[in-house]
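Rule-based calculations on the coordinates, nothing more; no lab input. Please read all numbers here as calculations on a predicted model, not as lab measurements. Neighbour counts are summed over all protein chains in view; Cβ atoms, including those assigned to glycine, are modelled from backbone coordinates with ideal geometry.
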Amino acid sequence: MDDMPNFNRRKALAVTGSGLAATLAAIVAPGNVAAAVVNEAPVTRVKNLAFALARAMDDWMVDLGVDGVPDIWKAHVYPYSQRKHPVVFESLDRSPSPSPRVAQLEAAFHAEWAALRAMEPAVNAAERRYMDSTGWRPVMGEMTPEEVETLRKTAVADLAKLPPSRASVEHAEAMRAYEKADAAARRKTGFGKLDKAYKNATHRTSDAANALLRYPAATLEDLASKVRVHRVWEYDGEDFNFIMDDIARVAGKAGAS
C-alpha cells in the first residue's frame, strides 16, 4: 500500500466539502498490492499486514493532526473480491453536531462573548484613569446633640415637619459637587462612554446566552452545546427549569426509540 493516496487535513476538507464526512476511501489497484511472501500462510500474512497498517497509521494520524495532536482514524479492510474499494478509513475525531438552530445560537453567543472580552483592556485602562482622577464619595456626618435631642422629643406624626439636619444639608451640597466632578472625570477619561458600551455589550451577551439556554434542546448534542455556553457564562436559577425540560425531552425520545 505504498502508493495509497496521502490525505492531509486540508485535502480531506477539500474532498468532503464540510469537514464532517465520516470516511475516506482509498482505492487500491491490483498492481499496488505487495507480492505475497513465498510459503507464508494466509493467516500469518493477514496478521503481518494488519500490524504493518496499524503501525503506519500512527505516523499518518500525526501527519493529519495539528500541532502534534493526531487525528484519530480507524481502518476498515474488506475482502478484495467483495468490494470495489476494499480499504476505507473512518474519522473518529468528528463530534456530532447540534441542530442547526442551536448551532446558530451558540455561534451568536460566542461572537458576543468575544466582542465583550475584546472591550475589556480599554475599559480597564479607562477605569484606572478615572479612579486616579476622582475623589471620595461624600459620607454624611453626625447630627449635633441638640438635633438628636429634638428628634427624640418629636412625635412620629410630626417628623415630617422637622427641618433637615445640618449634616444632611452639608451632605446634599457635597453630593452635588461630587456628582458634577465625577461626571467630568468620566468624560475626560473616556470611562463613562466605555463603561456604558461595556454594560450594553454585557446585556447583549447575556441575552445571547439566554436565547440558547432557553431554546428547547432535542438531542444530546444540543445539550452539549448548552453545557459549553454554561462553562463560559453560567446559568441563573431559572435556566435549570429549562434544562430539566430538555433532559426529560431527550430522555423521552431515547425511550421511544
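For region 127-253, the spherically averaged projection of the C-alpha convex hull amounts to 14.0 nm².
Measuring spread by the Cα atoms of region 112-191 yields a radius of gyration and Dmax of 20.6, 61 Å.
The simple spin-label model puts a point 7 Å past each Cα toward its Cβ; for Val46 and Lys199 those points are separated by 7.3 nm.
For an R0 of 51 angstrom, estimate the FRET efficiency from the Cβ-Cβ distance between Ala174 and His110 and round to the nearest 0.05.
Values: r = 46 Å, r/R0 = 0.90.
Computed FRET efficiency for Ala174 and His110 comes out at 0.65.
For region 173-199, the residues whose backbone nitrogen is under 20 Å from a point 7 Å from the Cα of Ala122, taken along Cα to Cβ, are 185-199.
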